[in-house]
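**Student:** I'd like to ask you about the structure that follows.
Read the figures in this text as sums done on the coordinates, not as results from a lab. Note that the structure is a prediction, hence the values are computed from the model and not measured. Heads up, the Cβs are rebuilt from the backbone with ideal geometry, glycines too, and the neighbour counts pull from every protein chain shown.
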């Protein structure tokens, strides 16, 4: 594919994503994703525990010196979590396509956190400039396979050799939502060739979680622990050391 053709294709997919989220913004109540919803709160708490486990596997004792990038940061919910966990705001960067969401991110975040409105397939940062590169349910919103591949390449490019990609996304497609596509382990391996990855199933399927949690947080924990009703992978992806 020529550079011009690829650029046009990416622009078309970028516009599709913008249109989808504009439609969702108009039709979906923000309460659906609020942590005041017991199901969402339990999902977030479970995911935080999983992320802390990943940090332990990575032998991270502190985030004070870590440079952190999130692609598709939305309103910077998770970037603000990184600051709470000890990352310095000036070392935290978010990129998103949607200026409306970035405006909210800037309003809610410490002033030193940096934001850029742009496409994760064209990151404007030097090679090997981040210790942790995150994506939370972004890749499944991108239907164009070539654009997903370019995003993955860019994430690896800006990742330091001893850093890692923090991955959280669903692996099941939703037949009622044609605007998303689940990404399984085979697709992750294709997107990040030559990398090693550690992924675990997590998150009780959100529609079920929102039904179960108001009745019993213990029941949520039990059902999630069984794994069979979980819908997401959480884990890390790392470059394999070069062989000399």
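**Student:** Specify whether the C-alpha gyration tensor of region 1-68 places it in the rounded, prolate or oblate class, a ≥ b ≥ c being the square roots of the eigenvalues: rounded for a/c under 1.5, otherwise prolate if a/b is larger than b/c and oblate if not. Don't skip to the answer; put the middle values down first.
**Tutor:** Details: a/c = 3.68, a/b = 1.34, b/c = 2.75.
Oblate is the answer for region 1-68, as a/c is 1.5 or above yet b/c matches or exceeds a/b.
**Student:** Using only Cα atoms, locate the centre of region 138-170 and the centre of region 45-84, then give the distance between them in Å, rounded to an integer.
**Tutor:** 16 Å
**Student:** Return the ratio Rg/(2.2 N^0.38 Å) for region 1-130, where Rg is computed over Cα atoms only.
**Tutor:** Values: Rg = 16.7 Å, N = 130, 2.2 N^0.38 = 14.0 Å.
Against the empirical 2.2 N^0.38 Å value, I get 1.19 for region 1-130.
**Student:** Which shape class applies to the chain: rounded if a/c is under 1.5, otherwise prolate when a/b exceeds b/c and oblate if not, where a ≥ b ≥ c are the square roots of the Cα gyration tensor eigenvalues?
**Tutor:** Working: a/c = 1.32, a/b = 1.16, b/c = 1.13.
Note, shape of the chain comes out rounded.
**Student:** Let me make sure I get this right: for region 113-217, a, b and c are the square roots of the gyration tensor eigenvalues over alpha carbons, sorted descending. Under 1.5 in a/c it's rounded, otherwise prolate if a/b > b/c, else oblate. Which is it? Can you show the working numbers first?
**Tutor:** On the way: a/c = 1.85, a/b = 1.69, b/c = 1.09.
Prolate.
**Student:** Cβ neighbours within 10 Å, averaged per peptide: list 63-72, 166-175 in order, most packed at the top. Walk me through the numbers before you get to the answer.
**Tutor:** Working: 63-72: 20.6, 166-175: 17.7.
Averaged packing, sorted descending, gives the order 63-72, 166-175.
**Student:** Looking at the chain, what % of its DSSP beta bridges pair antiparallel, to the nearest 5? Could the numbers behind the result be given before it?
**Tutor:** On the way: 15 of 33 bridges.
So the antiparallel bridges in the chain amount to around 45 percent.
**Student:** What 222 nm value per residue comes from the helices of the chain, counting each DSSP H run with n ≥ 4 as -39,500 (n - 2.57) and dividing by all residues, nearest 500 deg cm²/dmol? Intermediate results must be reported in sequence, preceding the final value.
**Tutor:** Numbers: 8 runs with 101 residues, N = 244.
Using -39500 (n - 2.57) per qualifying helix, the result is -13000 deg cm²/dmol.
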